[in-house]
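K.L.:
A single structure is presented below for examination.
The values are calculated or read from the model by the stated rules, or taken from the named source; none is laboratory data. Predicted model only: the values in this text are computed from it and were never measured. Here the Cβ positions follow ideal geometry from the backbone for every residue, glycine too, while neighbour counts run over all protein chains shown.
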Amino acid sequence: MVEEDILNMYSAIVAELRILPEVCFFAVVKMDDITERWSLLFGLKDANDLDKREKVFQSIRKIIENSLTLEERQNIARIGLFSTTEHIVEDFAKFDEGEIVENIKANGNFVHKGYILISR
């Protein structure tokens with residue numbers, strides 16, 4: 001899948017994700033060397049509450065299922081929900097919303113390319 005398609009595909013669900021007050025950060029990043037799959041990283045308020053995190057995950061999952069085709073969903077390597085105070089979110093939060101990042105390290109992970117789609 002062309003990277004421009006990735007940006008367009010995930011940009012289309014940003015409006016729905018913004019409705020969830022817990023979602024403060026959302027990035028789509030390519031971290032794998034071998035596969036062309038992308039990771040979805042979310043920074044959440046009050047993510048330490050397991051029940052609340054589960055409810056937010058179910059909401060995010062529903063948005064993804066309703067917005068992406070099966071083939072598009074199969075290109076997701078992982079979905080990570082983190083507190084906004086976790087190092088990986090803090091490392092990405094220094095970039096502006098709409099920024100494209102390339103060849104950086106975040107929390108010890110090498111990121112080949114990434115799109116910061118929500119950062120508030």
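K.L.:
Has region 64-72 got any residue that is touching a residue at least 40 places away in the same chain (Cβ under 8 Å), of a type in the set (Ser, Thr, Tyr) and within 21 Å of Ala93 (Cβ to Cβ)?
P.N.:
No: zero hits.
K.L.:
Right, here's the next one. Determine whether Thr84 is touching a strand residue (DSSP E or B) at 6+ places or on another chain (Cβ under 6 Å), hydroxyl-bearing (Ser, Thr, Tyr) and either farther than 19 Å from Asn8 by Cβ or free of Cβ contacts under 8 Å to residues at least 40 places away in the same chain (or both).
P.N.:
For Thr84, the condition - touching a strand residue (DSSP E or B) at 6+ places or on another chain (Cβ under 6 Å), hydroxyl-bearing (Ser, Thr, Tyr) and either farther than 19 Å from Asn8 by Cβ or free of Cβ contacts under 8 Å to residues at least 40 places away in the same chain (or both) - is met.
K.L.:
Only residues that are small (Gly, Ala, Ser) and either surrounded by fewer than 18 Cβ atoms within 10 Å (Cβ to Cβ) or modelled with pLDDT under 95 (or both): list them for region 7-38, please.
P.N.:
Within region 7-38, Ser11, Ala12, Ala15 qualify.
K.L.:
Could you please tell me which pairs satisfy a Cβ distance under 7 Å, a separation of 6+ or placement on different chains, a first residue in region 29-52 that is aliphatic (A, V, I, L, M), and a second residue that is assigned to a loop (DSSP other than H, G, I, E, B)?
P.N.:
Leu44/Glu22; Leu44/Thr84
K.L.:
Hey, Arg73 hits all of (1) surrounded by 17 or more Cβ atoms within 10 Å (Cβ to Cβ); (2) over 13 Å from Asp32 (Cα atoms); (3) touching an Asp or Glu at 6+ places or on another chain (Cβ under 8 Å) but one; which does it fall short on?
P.N.:
Failed condition: (1).
K.L.:
To continue, here is another question. Suppose the filter is at pLDDT below 90, of a type in the set (Lys, Arg) and either within 13 Å of the chain's Cα centre (by Cα) or farther than 23 Å from Lys113 by Cβ (or both); does Lys52 pass it? So that I can check it myself, show each step before the final result.
P.N.:
Numbers: at pLDDT below 90: yes; of a type in the set (Lys, Arg): yes; either within 13 Å of the chain's Cα centre (by Cα) or farther than 23 Å from Lys113 by Cβ (or both): yes.
For Lys52, the condition - at pLDDT below 90, of a type in the set (Lys, Arg) and either within 13 Å of the chain's Cα centre (by Cα) or farther than 23 Å from Lys113 by Cβ (or both) - is met.
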